[in-house]
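The values are calculated or read from the model by the stated rules, or taken from the named source; none is laboratory data. Model, not experiment: these values are computed from the prediction. Neighbour counts run over all protein chains shown; Cβ positions are idealised from the backbone, glycine included.
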Amino acid sequence: MKSQSIQELLSGKNVLQEVTVFGWVKTFRSNRFIALNDGSTLNNIQCVVNFEDFEDELLKQISTGAALKVTGTLVESQGKGQSVEIQVKNVEVLGSADPETYPIQPKKHSLEFLREKAHLRIRTNTFSAVMRVRSALSFAIHQYFRENGFYYVHTPIVTGSDAEGAGEMFRVSTLDAKNPPLTETGEVDYKEDFFGKETNLTVSGQLEAEAYAMALGKVYTFGPTFRAENSNTSRHLAEFWMVEPEVAFNDLDANMDLSEDFIKNVIKYVLEHCQEDLQFLEQRLLDEEKSKPQAERSEMALIEKLKFVAENNFKRVTYTEAIDILKNCKPNKKKKFKYIIDEWGADLQSEHERYLVEKHFQCPVILFDYPAKIKAFYMRLNEDGKTVRAMDILFPGIGEIVGGSQREERLDVLKQKISELGIDEKELWWYLDLRKFGTAVHSGFGLGFERLVLFTTGMGNIRDVIPFPRTPQNAEF
Ligand code: 4AD
Ligand code: MG
């Protein structure tokens, strides 16, 4: 007999039919009620066993975490809390889970504890809900781009270029670390390495995506990226997923329009398709925040917040305007910020970004036209000679969620910038070629996928929205 998912069974279409279902035991109450879950939905199906009909040995093995095959009749439920249940005819324990050692018992576990059990934490309601929302979001991303004429490009993971010029890369090498081949001057000889040159894990697919945009028009990448920055925060991972659209002939305004429309659309998709999980996550957040002082609680409940973002315009503000606001704001004057803003040109820290979004504007903000000095080499220089066509999107509770720009399309200006920064032109020969052959205005941005999942699920730590987080000193699993 064909098995059915619990989600299908709970829709109630098969009442009075014999059904087979597979899943893991959430709880087993009174030797009679099994709450079974298979991951297809947050909800469990109740399986009612007549314990008189089953061996004690078998019943004993039905404990939290055990994998079961259950066959029985789907009936309308007598009890409260569910519409249908299974009157069990047969139970097979496919794999037991010793209650003495199975860590995910039916009680409240801290998120920190569950992080250490990342291979099992998906069996909890919180993590299954988060990971279903994560999956829906990635589908929505592909759907958005497909419906808007973009091509999906797979940019390389191993690369010879530093896209951000920030030097925060993980080396990829097959050389013997203890005894590497040396050049005549005593340096490691990367000519002897696997690729015959120094290579790293990519920090961004942007540069390669630019090449593709200059032929296919509208492209995007969506893949893992790696940063060896030693930031132990609730917003940083060493391995994270980034969505990077790149569009030929788009200027910065078009880039801002695209980013805003894109984010609103994927959030709407989740609002439409993940109601159950979002409602659960909303309640989880409310419960968690009960123990916090009023001032630290979210102003809006999760679903209301998502609707607000989906339905309201993002505020667009220049860096220069933002600096004026920050210079004159209370926390700056009273020296409440860790980094005091006293002059134009200062890099914004997350405390400043969050002040702008959460206190001043109280909505998502797109900051643009940043000082050239604090941004990457590839951004287009403005006529003023000191700012670049950069944009960051700042989100409440998250800070920076998107970083992007219009790209420098003029060969001479780009070369000048590269040499000022001391980057070796030879490394970027192919990138410069794009400015020699059919160059044109083009723009793109990168959205940190986990930051979007954080925002959408209301979770507080980025380690809890990716299956197996990689952070400094941690690469377990
Ligand atoms: O602002 P970033 O560094 O921009 C780029 O990499 C550009 N090349 C993107 C482009 O224009 N195609 O990173 C983009 C986004 C950030 O806004 C943030 O959301 C996320 O990536 N991000 C991280 N997310 C998690 N952990 C980290 N360590 C992150 N670093 C950046
Ligand atoms: Mg950035």
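Observations on the model:
- Every pair of residues 6+ apart whose Cβ atoms lie under 6 Å, when the first sits in the range 291-306 and is in the same structural domain as residue 267 (by TED's automatic domain parsing) while the second is of a type in the set (D, E, K, R): 297/289; 301/282; 302/282; 303/282
- Residue match in the range 294-308 (condition: in contact with a helix residue (DSSP H, G or I) (Cβ under 6 Å, 6 or more places away or on another chain), among the small types (Gly, Ala, Ser) and in a helix (DSSP H, G or I)): no
- Subset of the range 431-475 (residues that are away from ligand 1 (no atom under 13 Å from the Cβ) and within 24 Å of residue 255 (Cα to Cα)): 432, 433, 434, 435, 436, 437, 438, 439, 440, 441, 456
- Single match in 177, 140 (criterion: outside the structural domain of residue 448 (by TED's automatic domain parsing), more than 28 Å from residue 430 (Cα to Cα) and among the hydrophobic types (A, V, I, L, M, F, W, C)): 177
- Qualifying residue in the range 12-21 (condition: crowded, with 16+ Cβ neighbours inside 10 Å, in a loop (DSSP other than H, G, I, E, B) and either free of Cβ contacts under 8 Å to residues at least 60 places away in the same chain or not assigned by TED's automatic domain parsing to the domain that holds residue 89 (or both)): no
- Every residue from the range 456-470 that is surrounded by 24 or more Cβ atoms within 10 Å (Cβ to Cβ) and either among the β-branched types (Val, Ile, Thr) or within 16 Å of ligand 2 (Cβ to nearest atom) (or both): 456, 457, 465
- Candidate set: the range 200-225, residues that are among the hydrophobic types (A, V, I, L, M, F, W, C) and within 9 Å of ligand 1 (Cβ to nearest atom); chosen: the one farthest from residue 389 (Cα to Cα): 203
- The set of residues in the range 375-390 being part of a loop (DSSP other than H, G, I, E, B), among the charged types (D, E, K, R) and under 26 Å from residue 208 (Cβ atoms) consists of 375, 380.
- Residues being in contact with a helix residue (DSSP H, G or I) (Cβ under 7 Å, 6 or more places away or on another chain), under 30 Å from residue 241 (Cβ atoms) and of a type in the set (A, V, I, L, M) - total across the range 403-428: 3
- Residue within the range 131-153 that is in contact with a Ser or Thr (Cβ under 9 Å, 6 or more places away or on another chain) and either assigned to a loop (DSSP other than H, G, I, E, B) or over 28 Å from residue 263 (Cα atoms) (or both) present: yes
- Checked against (1) outside any loop (DSSP other than H, G, I, E, B); (2) closer than 21 Å to residue 254 by Cα; (3) of a type outside the set (Lys, Arg); (4) within 16 Å of ligand 1 (Cβ to nearest atom), residue 409 passes all but condition (1).
- Going through (1) within 17 Å of residue 129 (Cα to Cα); (2) part of a helix (DSSP H, G or I) one by one, residue 8 falls short only on (1).
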